[in-house]
Amino acid sequence: MRPIKLFLSAVLLICSVVAISQTPSFITDSLDSYIDRGMKQWQIPGLAIAVVKDGKVVVMKGYGVREWGKEDKVDENTLFIIASNSKLFTGTSLANLDYEKKISLNDKVTQYIPWFRLYDNNAARMVNIRDLLCHRLGTKTFQGDFTFWDSNLPKDSIIWKMRYLKPPGVFRQDFGYCNSAFMLAGRILEKVTGESWNDYVQQNILTPLGMTNTFTSTAGIAQRNNVAVPHTNQFSSITPIPYDQVDNLGPATSMVSCVKDLSKWLMMQLDSGRYEGKRILPWAVVQKTRDANTIIGSRKSPGFPMHMRMYGLGVFMTDYAGRQVFWHTGGAFGMVTNVCFVPEENLGITILTNNDNQSFFEALRYQILDAYLGVPYTDRSKYQMGFFVQGKKETDDELAAMKKRVDQHLQPEIKLEDFTGDYYNTLYGKITIAKSNNMLICHFEHHPDLIGYMEYMGNNEFRMTYSNIGYGVYPAKFTLKDGKPWGVEIKANDFVEYDSYLFVKDPYGMVIR
C-alpha cells in the first residue's frame with residue numbers, strides 16, 4: 001500500500017504545481033504593483049477586485065481607502081453601487097419567469113401595462129419584454145436620463161414619460177442603451193409575480209447564493225457599514241460627491257454589492273447555474289440571458305483582439321482572443337464597476353472603484369483577460385490614459401474659457417431679473433430660475449436637492465455650476481424673443497445624458513432637445 005500512497009501523493013503534488021503554473025505571472029507577480037500604480041495615476045481612492053478561476057477564488061482583496069484623505073481601508077466586503085451590473089439580475093429574473101411559463105419574453109408590453117406608449121405608435125404596439133431587455137427601442141444611449149436619474153419621479157411617471165423620447169434610431173435595429181426600459185421590465189415582473197422586483201431578486205438569486213452583503217436598493221447606503229464614498233475629479237480636484245438615489249430606476253441600476261458576494265454570482269455563471277454543487281437557476285435560464293439579441297458592432301477593434309459586440313438580456317458579449325466573453329459595466333456618480341466572465345476558460349473578474357472619471361477599472365479587466373488568454377502584453381492602462389489626457393485637456397480648456405468670461409464681470413444688456421421665472425420642457429417638466437445677488441439660481445422640479453448656480457458670461461450665456469459637481473459645469477444659453485428671455489438650453493455631464501434640454505417660458509411652444 002505504501003508505494004500506492006506515495007504515487008498518489010506525487011500525482012497530487014504534480015496537479016498542484018500544474019494548477020499554480022496555470023495562474024499567469026501577471027497575477028502572481030505584478031498585479032499589486034500594477035493596481036497601485038494605476039490608482040495613483042488615475043486618482044482612484046479605493047478599488048476592490050475578485051478573480052475566480054476553475055471554481056476557486058484566485059484573487060480577492062481591496063486596495064486604497066473608502067474616502068480620499070481618510071484611513072478606512074477598502075476590503076473584499078466594502079460596498080459599492082454596482083449600478084448597471086444590476087441589469088443581468090433583472091434579465092435573469094425575467095428569463096426565469098419565461099422558463100416557468102409565467103410570461104413569454106415575446107409578450108407585448110401593453111399586455112401588462114395597457115397605457116404604455118412610445119413616441120412611435122407602431123413601435124408601442126409591437127414592443128415586447130425582450131425588446132426592453134436588449135436596448136433596441138431605437139432611443140439614443142442614456143436618452144431621458146437627466147429627467148429620470150436621481151429624480152423624485154415614481155416609476156410609473158417615468159414609464160409615462162417614455163412616450164416623449166423621440167428615437168433617432170430604428171426600432172429593433174439600432175442599439176441605444178435605455179435605463180427606463182429595464183425599469184419597465186421590472187414593473188412587468190412585479191405585475192406578474194405580485195412581488196416587488198427587490199423581493200424577487202432577493203428570494204430567487206441573492207439568498208440562494210448566500211449573497212448576504214448585497215442590497216437591491218441605494219436607500220440608506222450612507223448609513224451602511226464598510227461602504228465606499230463616491231468621488232469625481234472631472235470638473236474639480238478629487239472630491240467626494242453625494243450617493244446616487246436611483247431606486248425609481250431600480251431594476252436598471254440600484255444594486256449595492258461587494259467583490260466577495262459578486263464572486264459567488266460569477267461562480268454560478270461559470271458553473272451553468274450551480275453554486276457549490278447546488279442548482280440555483282436552470283441552465284436554460286442562464287443560457288437564455290446570453291443569447292445575442294442586438295448587434296452593437298461587427299468591425300474589428302483597433303486596440304483589442306475582438307470583432308463582434310452584441311447584447312443579450314442584461315449582458316454584453318464579444319469575442320476576445322478567440323473566446324466568448326460576457327461582461328457589463330456599471331456607472332453611478334462617483335463609482336464605476338465591472339463584472340466579466342469567460343465560460344470557456346472558467347474565468348470570472350469583478351472590479352469595483354470609487355472615482356467615476358477614469359478608465360482604469362476597464363483597463364485592469366482587459367489586462368487580466370490578456371494574461372489568462374495569452375495575449376501579448378500591452379499596457380492597457382497606458383493606452384487608455386492617452387485618450388483620458390486628451391479628453392481632460394479639452395474639458396480643462398472649456399472650463400478655463402468659461403472662467404475667463406465670468407471674470408470679465410460683464411453685465412447683461414437686459415436686467416438680471418428678466419431671466420427669472422418658470423421654464424418648461426415636455427419631457428422634464430419645470431425649472432425655476434431666481435436671482436441671488438449677482439447671479440441666477442436654477443431649481444429643478446424633479447431634483448429637489450440639485451441646484452444650478454448661473455454666472456453671466458456675456459452674449460446671454462451663463463456658466464452653470466451644479467451643486468453636485470458630478471453633474472458638471474456647462475454654459476446655459478438663453479434665447480430672446482422680442483427682447484425678453486424666452487428659452488434656455490441646459491446641459492449636464494455626458495455621464496448622465498449626452499443631449500442638452502431646451503426649457504421655454506411658453507409651455508405650448510415646448511420643444512424636446
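The values are calculated or read from the model by the stated rules, or taken from the named source; none is laboratory data. Small disclaimer: the values here were computed from a predicted structure and weren't measured. In this analysis, Cβ positions are derived from the backbone assuming ideal geometry, glycine residues included, and neighbour counts consider all displayed protein chains. Just so you know, the surface numbers come from the protein's heavy atoms only, side chains and all, with ligands and any DNA or RNA stripped out. Shrake-Rupley method; radii C 1.70, N 1.55, O 1.52, S 1.80 Å.
Brief remarks on what is shown
- Number of positions in the stretch 173-187 that are in a loop (DSSP other than H, G, I, E, B) and open to solvent by 10 Å² or more (accessible area, probe 1.4 Å): 4
- Cross-chain or 6+ apart pairs with Cβ under 9 Å, the stretch 467-487 first and over 23 Å from residue 403 (Cβ atoms) and among the small types (Gly, Ala, Ser), then open to solvent by less than 60 Å² (accessible area, probe 1.4 Å) and assigned to a helix (DSSP H, G or I): 483/418; 487/509
- Single match in 86, 93, 104 (criterion: part of a loop (DSSP other than H, G, I, E, B) and either open to solvent by 10 Å² or more (accessible area, probe 1.4 Å) or modelled with pLDDT of 95 or more (or both)): 104
- Residues located in the stretch 25-62, provided they are open to solvent by 10 Å² or more (accessible area, probe 1.4 Å), in contact with a strand residue (DSSP E or B) (Cβ under 8 Å, 6 or more places away or on another chain) and part of a strand (DSSP E or B): 53, 57, 58, 59, 60, 61, 62
- Residue count, the stretch 364-395 (criterion: in a loop (DSSP other than H, G, I, E, B) and over 19 Å from residue 325 (Cβ atoms)): 1
- Failed criterion for residue 422 (all others in (1) part of a loop (DSSP other than H, G, I, E, B); (2) in contact (Cβ under 8 Å) with a residue 24 or more places away in the chain hold): (1)
- Subset of the stretch 428-461 (residues that are open to solvent by less than 20 Å² (accessible area, probe 1.4 Å), touching a helix residue (DSSP H, G or I) at 6+ places or on another chain (Cβ under 8 Å) and in contact (Cβ under 8 Å) with a residue 40 or more places away in the chain): 428, 429, 433, 450, 457, 458
- A search for C-beta distances below 8 Å between a residue of the stretch 83-103 that is touching a residue at least 12 places away in the same chain (Cβ under 8 Å) and any residue that is in a helix (DSSP H, G or I) and charged (D, E, K, R), counting only pairs 6+ apart in sequence or on different chains, returns 95/288; 98/288; 99/288.
- Those residues of the stretch 469-507 which are of a type in the set (Gly, Ala, Ser), buried (at least 21 other Cβ atoms within 10 Å of the Cβ) and under 16 Å from residue 420 (Cβ atoms), in sequence order: 476, 487
- Some residue of the stretch 117-125 being among the aromatic types (Phe, Trp, Tyr), at pLDDT 95 or above, closer than 25 Å to residue 190 by Cβ and open to solvent by less than 60 Å² (accessible area, probe 1.4 Å): no
- Scope the stretch 63-79; condition part of a loop (DSSP other than H, G, I, E, B), open to solvent by 30 Å² or more (accessible area, probe 1.4 Å) and within 15 Å of residue 335 (Cβ to Cβ); matching residues: 66, 67, 68
- Restricting attention to the stretch 328-364, the residues that are more than 19 Å from residue 35 (Cα to Cα) and among the acidic types (Asp, Glu) total 2.
- Picking from residues in the stretch 128-169 that are surrounded by fewer than 19 Cβ atoms within 10 Å (Cβ to Cβ) and of a type in the set (Gly, Ala, Ser), the one that is nearest to residue 291 (Cα to Cα) is 169.
- Taken over the stretch 309-326, the criterion of being open to solvent by 10 Å² or more (accessible area, probe 1.4 Å) and more than 19 Å from the chain's Cα centre (by Cα) is satisfied by 319, 321, 322, 323, 324.
- Any hit, the stretch 217-239, residues being under 25 Å from residue 473 (Cβ atoms) and among the charged types (D, E, K, R): no
- Hey, residue 465 modelled with pLDDT of 95 or more, assigned to a strand (DSSP E or B), closer than 24 Å to residue 234 by Cα and touching a Phe, Trp or Tyr at 6+ places or on another chain (Cβ under 6 Å) or not: yes
- Pairing each residue of the stretch 218-235 that is free of Cβ contacts under 8 Å to residues at least 60 places away in the same chain and more than 15 Å from residue 47 (Cβ to Cβ) with any residue that is in a helix (DSSP H, G or I) and charged (D, E, K, R), provided the two are 6+ apart or on different chains, yields C-beta distances under 9 Å for 219/247.
- Pairing residues of the stretch 190-211 that are in contact (Cβ under 8 Å) with a residue 40 or more places away in the chain with residues that are of a type in the set (Asp, Glu) and surrounded by 15 or more Cβ atoms within 10 Å (Cβ to Cβ), at Cβ distances under 7 Å and at least 6 apart in sequence or on separate chains, gives 197/190; 211/261.
- Single residue of 337, 329 found to be in a strand (DSSP E or B), modelled with pLDDT of 95 or more, open to solvent by less than 10 Å² (accessible area, probe 1.4 Å) and over 22 Å from residue 23 (Cβ atoms): 337
- Residue in the stretch 382-394 that is over 26 Å from the mean Cα position of the chain (by Cα) and open to solvent by 10 Å² or more (accessible area, probe 1.4 Å) present: no
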